[in-house]
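Following: one structure in structure tokens, then a few remarks.
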Amino acid sequence: MAAGVKHDYHLVDPSPWPLVGSVTAAIMAIGGVVWMKGLFGLPEGTSWLFFAGLAGVLFTMAGWWTDVVKEANRGDHTPVVSIGLRYGMVLFIASEVMFFVAWFWMFFEMALFHGARTHAPIEEVAAAWKSWPPQGVEAVPAFQLPLVNTLILLLSGTTVTWAHHALQVGDRKSAKTGLLLTVLLGAAFTAVQAYEYMHILDHKYFFGGEGAENSGLYGSTFFMATGFHGFHVLVGTIFLLVCLVRLMGKGFTPKQHFGFEAAAWYWHFVDVVWLFLFAFVYVVFGGPAH
């Protein structure tokens, strides 16, 4: 393109962050395997590689976010670019929906058609799947910690909406208050879920009692669905925290605040997914204790 040509599109400068982020994420993943199982001659319980990768990922997030904020402040996010950013965020959330559909599909397949496994030639497996949850599984009580987390997320949905509306009308003080409350509620959700997991492991909900050797599929699906949701809550909390820092630093205007809007969209997605998890994994198909 000839020099000096004006257009509505933003041509991104060369960036090291995609490569750095990929490498550090791979190091973190390998470090997680080493920590849990041992690898490459490193014994199980070696955690330094995981935390080195995590530090690299956090560094990448900080650097990449800083570059995007600088682009926004320079005016690179024109109306045409903003439309593309909105489409990109919508498609990203759609891909996240399909990610959770996979775990819901697996859980529903087990809950609705567990009777099909009673035809297994292995007598212990057939006996275990005659009931739901499988023999040896004690379901997590839905109306204890899971209910508390449901109320926390529902409340956080109202506070982030309050903050968004306040920013739209130029009430920055209320926007900061609402956003701070949302970040605190997100942190509270993470803390409660961590406590719930510790309680599950200590109480041996999925691993105690007769026939517990057949509970692996149930436990794996439960932890993957709820654990990945918890990870999304953590990411969303960081997303909102970055927006809060920008807001306190005089970033965002009533007319231009897509970074905050995208964070709010993501947070509402996290809320809705949890409502489905609570309704079906904990309540409808949680089942009685065994």
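The values are calculated or read from the model by the stated rules, or taken from the named source; none is laboratory data. Being a predicted model, the structure only gives us computed values, none of them experimental. Surface areas here come from the heavy atoms of the whole protein model, side chains and all, with no ligands, DNA or RNA. Shrake-Rupley method; radii C 1.70, N 1.55, O 1.52, S 1.80 Å.
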**Fill in**
Amide H neighbours of LEU42 at under 5 Å, excluding residues fewer than 5 places away on the same chain, with H built from the backbone geometry, are none
**Fill in**
Per the helix-only model, the chain has a calculated mean residue ellipticity at 222 nm (DSSP H runs of ≥4, -39500 (n - 2.57) each, divided over all residues, rounded to the nearest 500) of -24000 deg cm²/dmol
**From phi via Karplus (6.51, -1.76, 1.60), per-residue ³J(HN,Hα) for the stretch 73-90 in Hz, x at Gly/Pro** = 5, 6, x, 6, 8, 5, x, 5, 5, 4, 4, x, 5, 5, 4, x, 5, 4
**Message:** Tell me the per residue accessible area of the chain using a 1.4 Å probe; a whole number in Å² is fine.
**Reply:** 55 Å²
**Fill in**
SASA check, ARG246, accessible area w/ 1.4 Å probe, all protein chains in place, rounded to nearest 10 Å², comes out at 50 Å²
**Rounded if a/c under 1.5, otherwise prolate or oblate - the stretch 12-124, Cα gyration tensor axes** = oblate
**Fill in**
For the chain, the accessible surface attributable to carbon and sulfur atoms (probe 1.4 angstrom, ligands and nucleic acids excluded) amounts in percent to 72 percent
**Request:** Mind ranking GLU196, GLU261, GLU124 by accessible surface for me, highest first, 1.4 Å probe?
**Result:** GLU124, GLU261, GLU196
